[in-house]
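Heads up: the structure comes next, in structure tokens.
The values are calculated or read from the model by the stated rules, or taken from the named source; none is laboratory data. Predicted model only: the values in this text are computed from it and were never measured. So basically every Cβ, Gly included, is an ideal-geometry build from the backbone, and we count neighbours across all protein chains shown. Just the protein is used for accessible areas: all its heavy atoms, side chains included, with ligands, DNA and RNA removed. Shrake-Rupley method; radii C 1.70, N 1.55, O 1.52, S 1.80 Å.
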Amino acid sequence: MKKIFLGSTALVALTIFVLSTQISCKKETTTTTVTKTDTVYQCNTLTKEQILVSKTWKVDMVFSAINGSFSKYINGGINTTGVTYNNTRFLFNANGTGTYTNEFGNNYALTWSFTSSDKRNMNVNVPAISNNSNWEMVEIANDYLHFSVNFATNNMSTFRLKQI
């Protein structure tokens, strides 16, 4: 019985000691001042010309309507056009020149220019193969270049090129 009493007394004494140190300790308050500095990020939006000349472009998709027949090419997928576009590439230089690589991998010099102030029309000329195309409804954004070409009456194709 004496052992239980001593154990209980020791437990009560320990509890009183812990409580008294908690009560007698003064909590120190610290204040932290945070100064917010705004960072201004300048987004450099590229112009259509800068996007156009930044990389080589490969044919990604073609939709054609020729003499009332519809066909399409999707890179890595379906091809009902009769033309293998896997090798077709365009490289545009800032000085209005460039290189056209046809479906057989042959390279030809080209010249190009925007023909409207809103840059929605382009002329792309490949003299060596007598190909002078007026690209209409030109959209250049990020990794893609979209345009349509009217080759002749009842012959039109719409292209999507992708940067590589």
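Close Cβ contacts (under 9 Å, 6 or more residues apart or on different chains) running from residues in the stretch 59-84 that are closer than 17 Å to residue 100 by Cβ and open to solvent by less than 80 Å² (accessible area, probe 1.4 Å) to residues that are of a type in the set (Asp, Glu) and at pLDDT below 95 comprise 59/103; 83/103; 84/103. No other residue among 123, 95, 87 is polar (S, T, N, Q), assigned to a loop (DSSP other than H, G, I, E, B) and in contact with a Phe, Trp or Tyr (Cβ under 8 Å, 6 or more places away or on another chain) apart from 87.
A search for C-beta distances below 7 Å between a residue of the stretch 145-157 that is farther than 15 Å from residue 73 by Cβ and at pLDDT below 90 and any residue that is β-branched (Val, Ile, Thr) and open to solvent by 10 Å² or more (accessible area, probe 1.4 Å), counting only pairs 6+ apart in sequence or on different chains, returns 155/66. Residue count for the stretch 127-142 satisfying the condition of being more than 19 Å from residue 64 (Cβ to Cβ) and surrounded by 13 or more Cβ atoms within 10 Å (Cβ to Cβ): 1. Scanning the stretch 112-126 for residues that are open to solvent by less than 50 Å² (accessible area, probe 1.4 Å) and β-branched (Val, Ile, Thr) returns 124, 126. Within the stretch 56-74, no residue satisfies the criterion of being modelled with pLDDT of 95 or more and assigned to a loop (DSSP other than H, G, I, E, B). Looking only at the stretch 90-111, residues that are open to solvent by 30 Å² or more (accessible area, probe 1.4 Å) and at positive phi come to 1 in all. Does residue 106 count as without any contact (Cβ under 8 Å) to a residue 60 or more places away in the chain and farther than 22 Å from residue 155 by Cβ? Against the criterion (without any contact (Cβ under 8 Å) to a residue 60 or more places away in the chain and farther than 22 Å from residue 155 by Cβ), residue 106 qualifies. Of all residues in the stretch 143-164, those that are assigned to a strand (DSSP E or B) and open to solvent by 50 Å² or more (accessible area, probe 1.4 Å) total 8. Just the residues that are in contact with a Ser or Thr (Cβ under 8 Å, 6 or more places away or on another chain), closer than 18 Å to residue 147 by Cα and small (Gly, Ala, Ser), please, taken from the stretch 97-131. Answer for the stretch 97-131, where residues must be in contact with a Ser or Thr (Cβ under 8 Å, 6 or more places away or on another chain), closer than 18 Å to residue 147 by Cα and small (Gly, Ala, Ser): just 98.
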